[in-house]
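See structure below.
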Amino acid sequence: MEIALPLAIGVLVAAAAYLLMARDLPRGLLGFVLLGTAANLTIFAAGRIGTMTPPLVAPGAQALEAGAANPLPQALVLTAIVIGFGLASFALVLLRRAHAEFGSVMSEDMQEAEPPLAAAPPAEPAPTPPPARPRPVPAPAALREVV
């Protein structure tokens, strides 16, 4: 179990990266869902996976037992699953609307959604550098003696 979980997380992240690089929007959405699943498994693994007692406080006790599982990662993962499901559902509805509007779910076919390119202003010529100052010429030796 200690080896299988990191391998599963690695495979999920690799598959998510592959799908997110696609120009097809449903594949990108699926990659986003896989990346969220990998993040959830990472958080869950941080809470010590193993055979532990459930995180329940016994009647009359003030705290959890010594070998009880940590309830915080479980609560975080449960919350992340709910939020991820809602976000994926919203994105799926947006994809359906985009398909109905543009007739395609490929990002390259949705050029109508992009604003038109503005005409670039004419390029100004580069300023000419000032002329180089001539180097001073040393005076001849005969003049130096006179002064």
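Before moving on, here are some points about what is shown:
- The chain - mean residue ellipticity at 222 nm from DSSP helices (-39,500 (n - 2.57) per run, n ≥ 4, rounded to 500): -18000 deg cm²/dmol
- Accessible-area rank, largest first, for Leu25, Leu95: Leu25, Leu95, with all protein chains present and a 1.4 angstrom probe.
- Label-to-label distance for Arg97 and Leu78 is 3.2 nm, based on points extended 7 Å past Cα in the beta-carbon direction.
- Accessible area per residue for segment 1-56, computed on protein heavy atoms with a 1.4 Å probe, is 68 Å².
- Each of Phe90, Ser107, Pro73 was scored by the projection of its Cα onto the charge dipole of segment 27-113, and the greatest displacement toward the positive side belongs to Pro73; charges sit on the C-beta of Lys, Arg, Asp and Glu.
- On Cα atoms only, tilt of 4-20 relative to the major axis of the chain in degrees: 50 degrees
- A 1.4 Å probe run over the protein chains yields, for segment 63-127, 82 Å² of accessible area per residue, whole-number rounding.
- Among the protein heavy atoms of segment 1-135, carbon and sulfur supply 69% of the accessible surface, probe 1.4 Å, non-protein parts ignored.
- Highest-MSF residue in the chain out of Ala46, Ala123, Ala61 [GNM, Cα springs under 10 Å]: Ala123
- Note on the chain: with charges restricted to the Cβ of Lys and Arg (+1) and Asp and Glu (-1), its dipole about the Cα centre is near 440 debye.
The values are calculated or read from the model by the stated rules, or taken from the named source; none is laboratory data. Keep in mind the model is a prediction, meaning the values are calculated, not measured. Cβ: placed from backbone, ideal geometry, glycine included. Neighbour counts: every protein chain shown. To get the accessible areas, we keep the full protein, side chains included, count just its heavy atoms, and leave off ligands, DNA and RNA. Shrake-Rupley method; radii C 1.70, N 1.55, O 1.52, S 1.80 Å.
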